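The values are calculated or read from the model by the stated rules, or taken from the named source; none is laboratory data. Values in this document were obtained by computation on a predicted structure and should not be read as measured data. Cβ placement follows ideal geometry from the backbone for every residue including glycine, while neighbour counts extend to all protein chains displayed. Side chains are part of the model used for accessible areas, which takes the heavy atoms of the whole protein and leaves out ligands, DNA and RNA. Shrake-Rupley method; radii C 1.70, N 1.55, O 1.52, S 1.80 Å.
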Amino acid sequence: MREKILELNDAGLILEGNAGPLEILKDITLTVGRGESLGLVGPSGSGKSSLLMLMGGLERATSGQVRALDQDLTRMNEDALARFRRGNMGIVFQSFHLIPTMTALENVAVPLELAGVRDAFDRAEAELRAMGLGSRMDHYPAQLSGGEQQRVALARAAAPRPQIFLADEPTGNLDGATGEAIMELLFGLRDRHGATLVLVTHAPELARRCDRIVRLLDGQIEGEGLSAAAKVAE
């Protein structure tokens with residue numbers, strides 16, 4: 001049995017809306033093992049992205065418990081959560097969230113510098129080259145295509161060498177061929193770093209590449225099981 005990297009016990013999330021409290025997630029109990037790839041699927045509004053945010057400490061569970069790397073995220077304050085994410089998690093979103101006034105190299109290196117990494121620029125350059133962006137490092141986000149911007153975002157997520165990758169619809173803003181290339185890079189990062197990957201996606205073909213699939217509906221886990229690819233591997 002794999003070592004538990006992420007663990008949620010009866011986790012719930014209630015957010016305040018214009019019409020009052022809104023229950024987003026309810027009674028989520030789930031574990032993710034070291035090196036596992038997990039696909040989160042379900043219709044829009046089912047709570048996939050919110051569940052990913054709980055796993056990353058970007059939203060705080062209003063009930064239950066969320067643990068990552070044997071640390072209780074529900075007990076951490078915001079500063080502690082930020083430090084924990086910076087050292088242990090790489091997060092990739094559908095929107096690239098690059099700083100427009102920084103070059104590709106700076107977008108990857110500056111967060112490392114802020115974390116006290118001495119070889120920040122060397123490490124950033126190595127990650128960008130691994131993403132096929134060796135000739136684009138001095139370009140600003142506006143000078144890059146959508147696929148290139150997502151590669152920069154992947155390099156930024158990978159540069160701290162995290163144990164956990166969280167990806168929220170990372171191909172959602174990209175065409176089919178570019179999205180497929182990004183997914184190859186993302187799974188390659190998982191393999192290269194021996195990391196755990198949790199992927200939110202609407203695309204069945206992407207979910208099937210994961211070891212396990214969890215389906216959400218109305219903020220609850222509707223079902224889970226091994227993917228077709230994992231069954232073949234067995």
Pairs returned, first residue in the stretch 184-197 that is in contact (Cβ under 8 Å) with a residue 40 or more places away in the chain, second residue that is acidic (Asp, Glu), beta-carbon separation under 6 angstrom, 6 or more apart or interchain, are THR196/GLU36
How about the stretch 211-222: which of its residues are within 27 Å of GLU23 (Cβ to Cβ) and either outside any strand (DSSP E or B) or not polar (S, T, N, Q) (or both)? ARG212, ILE213, VAL214, ARG215, LEU216, LEU217, ASP218, GLY219, ILE221, GLU222
What is the number of the single condition among (1) closer than 21 Å to GLU7 by Cα; (2) open to solvent by less than 50 Å² (accessible area, probe 1.4 Å); (3) under 15 Å from the mean Cα position of the chain (by Cα) that GLY219 does not meet? (3)
Name the pairs whose Cβ atoms lie under 8 Å apart, with the first residue in the stretch 83-106 and hydrophobic (A, V, I, L, M, F, W, C), the second at pLDDT below 90 and assigned to a helix (DSSP H, G or I), and 6 or more positions between them or separate chains? VAL92/LEU186
Verdict on THR201 being β-branched (Val, Ile, Thr), in contact with a Gly (Cβ under 8 Å, 6 or more places away or on another chain) and surrounded by fewer than 19 Cβ atoms within 10 Å (Cβ to Cβ): no
Hey, among the residues in the stretch 192-210 that are within 21 Å of LEU174 (Cβ to Cβ) and assigned to a loop (DSSP other than H, G, I, E, B), which one's modelled with the lowest pLDDT? ALA203
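Within the stretch 152-171, how many residues turn out to be farther than 19 Å from GLN71 by Cβ, in a loop (DSSP other than H, G, I, E, B) and open to solvent by 10 Å² or more (accessible area, probe 1.4 Å)? Before you say what the answer is, go through the steps one by one.
The initial filter retains those residues of the stretch 152-171 that are farther than 19 Å from GLN71 by Cβ, namely 152-159, 167-171.
In the following step, the residues that additionally are in a loop (DSSP other than H, G, I, E, B) were identified as 159, 169-171.
Among the residues that remain, those that are also open to solvent by 10 Å² or more (accessible area, probe 1.4 Å) are: 169, 171.
Looking only at that region, the number is 2.
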Does ARG212 count as among the basic types (Lys, Arg), in contact with a His (Cβ under 9 Å, 6 or more places away or on another chain) and surrounded by 15 or more Cβ atoms within 10 Å (Cβ to Cβ)? no
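Got at least one residue in the stretch 34-44 being among the hydrophobic types (A, V, I, L, M, F, W, C) and without any contact (Cβ under 8 Å) to a residue 24 or more places away in the chain?
Going residue by residue through the stretch 34-44, those that are among the hydrophobic types (A, V, I, L, M, F, W, C) are 38, 40-41.
Narrowing the set further to residues that are without any contact (Cβ under 8 Å) to a residue 24 or more places away in the chain leaves none.
No, the stretch 34-44 contains no residue that is among the hydrophobic types (A, V, I, L, M, F, W, C) and without any contact (Cβ under 8 Å) to a residue 24 or more places away in the chain.
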Within the stretch 169-203, the residues that are in contact with a Lys or Arg (Cβ under 8 Å, 6 or more places away or on another chain) and within 17 Å of VAL152 (Cβ to Cβ) are ILE182, MET183, LEU185
